[in-house]
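Colleague: Dropping a structure here in structure tokens format, bear with me for questions.
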Amino acid sequence: MTGSTDWEDFFSATPVPTELERVEKEASDFVRYHLSRGKPVALVSSGGTAIPIELNTVRFIDNFSSGQRGSASTEYLLQEGYAVIFLHRKQSKYPFTRRVDQETFLQAFLADANSSRVTVREGFASQLHTVLQEYQNCNASCSLLSVPFLYLSDYLWYLRTLAHVLSPLKKQALLYLAAAVSDFYIPKDKMPEHKVQSDGGPLKLELQLVPKMLKPLVCLWCPEAYIVSFKLETDISLLSKKAKEALLKYKHNVVIGNLLQTRKESVIMVKQDEEINIQISHEEQSKGIEIEQKIIAVVKSWHSEYMNL
Ligand code: PAZ
């Protein structure tokens, strides 16, 4: 008997991301800078985590998450005065650029044939102006730190390290865990080295359970922070029950429950003494109002109460 926990075993058997040291240093500098200015710092996780099936990875298992929840919430947290560490899946939605349509992006500009001058066409300027101004304000105050990942293992290493880095902020730290984290994975020592061949017949995979990291996160890595986790279901009859169970089990601050099918229109927010429903109407949506704006308004108000306790 070793006495180690399943999460400790996971980290012992999982290689450290090559960028971890650099990320830890950048995040520590970021936190120190904002701590000295009395600004609260949020860690937002966003997007899906990929599970490789080969060491030389040709294929991986993935999930649906687009990064909308995390990237939009990051913008609203910045507006509410937080500095944000944005721990996100590479190539998922990103704050600010998510509001620029990739397909029509190049139509917004006109390149002069005789010089290197580029101008913005009429009709695109006002939309780009709003996004650029918000982006520039964020840059000027050094309020956004970007940490990309692709695989589950890298995500979990970064989560643990960043939680440790945030812990000196105590109650001023907010953890907002919107990433869709896989419950299953293939441990490194069970993965084939090379590309799985199709001439061996149908592929059978055995996936192991990923240890629940919310437990050490709440108890050890960042114990005084305000921690908001998300719960995704597809069956409405389970949602409220599962959200409450998670709160009871991990003893953190808030669980936000959402259904895959309606996640952009409706969520429940559950804390120890309260459960509320947040909704957004079609009319509000047609005016460009996003549910994340309402979620963040509530998170900010609950986090402020907590900081003042
Ligand atoms: O990234 P997205 O906007 O497409 O989806 C957001 C979400 C449903 C992944 C998020 O709100 C969520 O519930 N995350 C936690 C999922 C889970 O592991 O239960």
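Colleague: Of all beta bridges DSSP finds with both residues in the chain, what is the antiparallel percent, to the nearest 5?
Modeller: Numbers: 16 of 45 bridges.
The antiparallel fraction comes to roughly 35 percent.
Colleague: Rounded, prolate or oblate, given the Cα gyration tensor of the range 166-309, with a/c below 1.5 counting as rounded?
Modeller: oblate
Colleague: Taking every eigenvalue of the Cα gyration tensor of the chain, multiplying by 5 and rooting it, what semi-axes result, largest first, whole Å? Spell out each step's value before the answer.
Modeller: Values: eigenvalues 202, 144, 93 Å².
Taking √(5λ) for each Cα gyration eigenvalue gives 32, 27, 22 Å.
Colleague: If you don't mind, there's one more thing I want to ask. Can you tell me the Rg and the Dmax, both Å, for the Cα atoms in the range 120-242?
Modeller: Radius of gyration, then largest Cα-Cα span, for the range 120-242: 20.9, 59 Å.
Colleague: Considering the range 46-184, what Rg and Dmax in Å follow from its alpha-carbon atoms?
Modeller: Here Rg and the maximum Cα pair distance are 18.2, 57 Å.
Colleague: Which of the listed residues, Phe109, Tyr226, Leu55, is farthest toward the dipole's positive end in the chain, when Lys, Arg count +1 and Asp, Glu count -1 at the beta-carbon?
Modeller: Tyr226
Colleague: Rounded to the nearest 500, what is the 222 nm mean residue ellipticity of the chain from helices alone, with -39500 (n - 2.57) per DSSP H run of 4+ residues and division by all residues? List each step's numbers first, then the result.
Modeller: Details: 8 runs with 104 residues, N = 309.
Mean residue ellipticity at 222 nm (helix-derived): -10500 deg cm²/dmol.
Colleague: How many angstrom separate the Cα center of the range 288-309 from the Cα center of the range 68-127?
Modeller: 24 Å
Colleague: For the range 230-266 and the range 187-213, what is the separation of their Cα centres, given in Å?
Modeller: After rounding, the separation between the Cα centres reads 30 Å.
Quick note: the coordinates plus some simple rules give every number you see, no bench work behind them. It should be emphasised that the depicted structure is a prediction, and the values quoted were computed from it without experimental measurement. Neighbour counts are summed over all protein chains in view; Cβ atoms, including those assigned to glycine, are modelled from backbone coordinates with ideal geometry.
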